[in-house]
Amino acid sequence: MRFLVDECLSRHFLVRLLHAGHDAVWVQDVCPAADDKEVLELATGEDRTVISQDWDFGELVFRLALPAKGIVIVPVHTFEASLDTVAAYAVDIIGKLGDSCLGSLTVIEPHKTRQRPITRK
């Protein structure tokens, strides 16, 4: 899968995604200081799923109906673990979910994962 890692997440997420065989780039490397709408536009234009801890992406996709390949939210503050451990856990869950992350808002928390389809009428 192709991911755009938001700059609010540590580089650990980028490294873990790449190590798992995903095509991933970090916003900080390609468009530093981009706002959430710009990040979403960049990801959509490059056919990438956004991975972030920022809930605003859900608002952009559902309330404002902006297009998205997929959104993965990892609220890092809900974990009692190092960033590398959180990244490893999230990437493992993404691997198990596979293509169901595409076209969905996926929230990965310590003991539960939930998905909501991004549907357009």
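Here are the numbers for the structure shown:
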quantity	calculated
For the chain, Kirkwood radius (reciprocal of mean inverse C-alpha pair distance, Å)	14.0 Å
Per-residue SASA entry for I71, accessible area with 1.4 Å probe, Å² rounded to 10	0 Å²
Extended-chain gain in nm, criterion 0.36 nm per residue less alpha-carbon gap, E59 and E38	6.2 nm
At least 18 Å along the helix axis (C-alpha) and Kyte average at least 1.0, DSSP helices within the chain	83-97
Residues of the range 36-100: accessible area per residue with a 1.4 Å probe, Å²	47 Å²
Carbon + sulfur, % of accessible area of the chain - ligands and nucleic acids excluded, 1.4 Å	53 percent
Label-point gap, in nm, between R114 and K96 - each point 7 angstrom along Cα→Cβ	1.8 nm
Fully extended contour minus Cα-Cα distance, from C8 to D29, at 0.36 nm per residue	6.3 nm
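The values are calculated or read from the model by the stated rules, or taken from the named source; none is laboratory data. This structure is a prediction, so every number in the text was calculated from the model and none was measured. When we count neighbours, we look across all protein chains shown, and the Cβ atoms used for this are built from the backbone with ideal geometry, even at glycine. For the accessible areas, the whole protein counts, side chains as well, though only heavy atoms, and no ligand, DNA or RNA atoms are used. Shrake-Rupley method; radii C 1.70, N 1.55, O 1.52, S 1.80 Å.
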